[in-house]
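Inspection log for the structure reproduced underneath, given as structure tokens.
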Amino acid sequence: MKRDKQSHTSPFPHEQTQPENPPMNNAVRTAAQAAASALNGARSKGPRTEEGKKTSSLNAVRYGFSASHLLLPGEDPDAYEAFVSEWFSSLSPSTMPEAASVAQLADTSWKLERLSRVENGRMRARLEEELETTDEGKTFALTLRALEMVGALAMTVEAIPSPPKDFDRTSAFLSGVEQVVRELREVPGLPMAVVEPLAFALDAAQENGEAEQLDAASYQHLGNMAKVVKSALALKLAEEEAALGPVRERLAAEVLLLEDADLKKLERHRRTLETTMERQLAIFHQLRAEMANTKTENTSETQALRVKLRLVK
């Protein structure tokens, strides 16, 4: 059951800049930069050595497959490296074009696996949304909310053993306990015998709290009764959570048939990636066929190509 991510406010309150560079005319600066770039480009003859040419040929590939372009926050670069290495081990490219093709295939496959995780997450979220509309889901939510509130009361008394020191704080604290009792009485299926001990403790505390300060015994008694109710609610919540299992199973098949704009977008994206992967596979097999008569497979060279095409630094 998806739990409310919004935090509930507890009803118990007694818990230099650097100077800028001189301005420069943008037009003059742009023109100067363009002229310098043109001059440098005219003078450049490109890499002269064989090693330099190989390095230059990989620049676009390295940029296109850099970590900042491939991995999302939370994704593990080491896991991605291992994933790509499996593709290289399986297809064993023996030329640079084949290696680049395998890298592209690995990238697309990684994106497909990511998409599957997103789809599963959306399906689960959609299922929980439907579950919350059922009677069982609504009862679970009310029990959970009551448990959180009575837990906050018990924790407050335990963390701050002494009662509030003035009338205003005492009044606010007792108002918070009143709210807890009201919430408990709204929980379906919760016996009043569970609620009444805390309600009686509240009545006694309110009578004693008419003075400037709540006495310590009444304050501690409220905390103890809150712990008793908390234990009963925890058992009830566990039973209700177990009862949600069959409801989830019943809804799972129905959720697959529900209209969901996000899922439809993901499905379209999947078709696009699958089409891309088919095209990349066709290119790889074409390259392999063209190179078959001119170069034999070399495992050590495959590993060297993998290092040159290392995708995540």
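Read-outs throughout are calculated quantities, based only on the coordinates presented, and are distinct from any laboratory measurement. All of these numbers come straight from a predicted model, not from anything done at the bench. No Cβ is skipped: glycine too gets one built from the backbone with ideal geometry, and neighbour counts run over all protein chains shown.
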- Query: How high is the relative contact order of the stretch 122-281, given as a whole-number percent (alpha carbon pairs under 8 Å, six or more residues apart)?
  - Reply: 35 percent
- Task: For a quick protection proxy, order the peptides 175-182, 224-231 by their average other-Cβ count within 10 Å, most packed first.
- Result: 224-231, 175-182
- Task: Would you tally the net charge around residue 110, using a Cβ to Cβ cut-off of less than 12 Å, leaving residue 110 out, and scoring K and R as +1, D and E as -1?
- Result: -3
